[in-house]
Amino acid sequence: MKFSKKSKIQVSAILVFALVISVITGISNGSDKNDDNNNNTIVAGLAADLSNSTLNTATISAGVTSDLLVSVTSTAPAVVGDSADGTVDASQLNAAEQCGYENIAMSVIGEGNLNIRDSASTEGSIVGKMTNHNACEILGVEGDWTQIESGKVTGYVKSEYIVTGDEALAIAEEEIKTVATVEAGTTTLNVRSEASTDSSILSLVGDGEDLVVSQENDGSGWIQVEVDDEYGYVSADYVTVSKKLPTAKTITEIKYGDGVSDVRVALVQNALQYVGNRYVWGGTSLTKGVDCSGFTMQIMAQYGIYLPHSSRAQPAYGTKISASEAQPGDLFFYGSGKSINHVAIYIGNGQIVHASNKRDGIKISNAFYRSPVCVVRYFN
């Protein structure tokens, strides 16, 4: 059978059109499947694997233009929770995922605290404590005990006092907070009454401390945070904002206070080793004898704070705070009226260590055995 030139063109056009339709149908059918064995799924505009990409490239050479492929792939739906550039949309994550937990559990305690022990036994040493609705990562199970990691504590708890699965996730959604964490290397960060360096200082916080965020950075460079029953502001340049769940505390954190830095703990432990040593007026030797300001001068110097050998002069080298804000490592100054004549190191739990007098030497006392003239902070 012979075809005219015009007929040949018409037949060719029909064949090309049919080929285009078959290719489009093949691509569309492939993008509707989501099982693991199907390699035709298109995610965020990209072929699911190299073999599928090669197949589509071969199809282009069969007569489909590159413009058609771009049109098809650009309309493929992105995976839920992913943005077009492949990043995860945090709003699609649950509380556990936002805080980095893979196998979360939450403590459920009627009252008191849940002990965390160093072994799966009531004979094990207590290494930390959890309060109600603290989060933890499950590491394993040994009989009636579960090995967990919570905050800085790793150990074992009785399994009956934690919940997992949907129950844990529901509690986590209620407890999650947005916090501003003071960045490492920040000696002391001022919490101010207003979003301005000209405003008064409400509190001082140190490296690693968390503050609950009440309003994130609105472009002003300041973040509103909760300070006791008030609101304050910290510079966004010195904090990292993230989502966190409440966690267990180490015995050290319980002993010295929540958020107390390792430097403060080390300073207090260092100072306490000299309890019982001699008091010598004008002395500066921690082993042979010191007076009150010589004691604080020598201890603080070991942590980069250089103070004069005078209790009256030492307050000028730090920032005055209220006694209620005191943390281990801050200094309490005492005297008559506003005249200072004695200084001590606060060690937490309402106590101080100081070079007291010739009779008692270096000892521990109640921080309010005398009314302090002022309390001064020197570092985080």
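The values are calculated or read from the model by the stated rules, or taken from the named source; none is laboratory data. It should be emphasised that the depicted structure is a prediction, and the values quoted were computed from it without experimental measurement. We place every Cβ from the backbone using ideal geometry, glycine too, and count neighbours over all the protein chains shown.
Structure notes:
- Remark: Leu307 matches the filter, which requires a residue to be modelled with pLDDT of 95 or more and more than 18 Å from Tyr369 (Cβ to Cβ).
- Criterion (in contact with a His (Cβ under 8 Å, 6 or more places away or on another chain) and under 25 Å from Val239 (Cβ atoms)) met by exactly one of Glu183, Glu175, Glu209: Glu175
- Boolean, Val373 is under 28 Å from Val227 (Cβ atoms) and surrounded by 16 or more Cβ atoms within 10 Å (Cβ to Cβ): yes
- For beta carbons closer than 9 Å, sequence separation of 6+ or different chains, a first residue in segment 290-309 that is crowded, with 23+ Cβ neighbours inside 10 Å and a second that is basic (Lys, Arg) and assigned to a loop (DSSP other than H, G, I, E, B), the qualifying pairs are Val290/Arg278; Ser293/Arg312.
- Among the candidates Gly151, Gly185, residue that is modelled with pLDDT under 95, touching a Cys at 6+ places or on another chain (Cβ under 9 Å) and at positive phi: Gly151
- Restricting the search to strands (runs of 3 or more DSSP E) fully inside segment 141-208 and requiring at least 3 residues that are within 24 Å of Glu226 (Cβ to Cβ) gives 177-182, 189-192, 201-205.
- Residue list for segment 105-126, filter: closer than 27 Å to Gly257 by Cβ and at pLDDT 95 or above: Ala105, Met106, Ser107, Val108, Leu114, Asn115, Ile116, Arg117, Asp118, Gly124, Ser125, Ile126
- Residue match in segment 323-338 (condition: acidic (Asp, Glu), crowded, with 20+ Cβ neighbours inside 10 Å and within 24 Å of Leu204 (Cα to Cα)): yes
- Residue in segment 344-363 that is in contact with a strand residue (DSSP E or B) (Cβ under 8 Å, 6 or more places away or on another chain), in a helix (DSSP H, G or I) and touching a residue at least 60 places away in the same chain (Cβ under 8 Å) present: no
- The set of residues from segment 159-171 being surrounded by 16 or more Cβ atoms within 10 Å (Cβ to Cβ) and in contact with a strand residue (DSSP E or B) (Cβ under 6 Å, 6 or more places away or on another chain) comprises Ser159, Tyr161, Ile162, Val163, Ala168, Ile171.
- Contacts under 6 angstrom Cβ, first residue in segment 121-148 being more than 19 Å from Glu167 (Cα to Cα), partner assigned to a loop (DSSP other than H, G, I, E, B) and acidic (Asp, Glu), 6 or more apart: Gly124/Asp118; Ser125/Asp118; Val127/Asp118
- Residues of segment 130-140 that are part of a strand (DSSP E or B), touching a Gly at 6+ places or on another chain (Cβ under 9 Å) and surrounded by fewer than 19 Cβ atoms within 10 Å (Cβ to Cβ): Glu137 alone.
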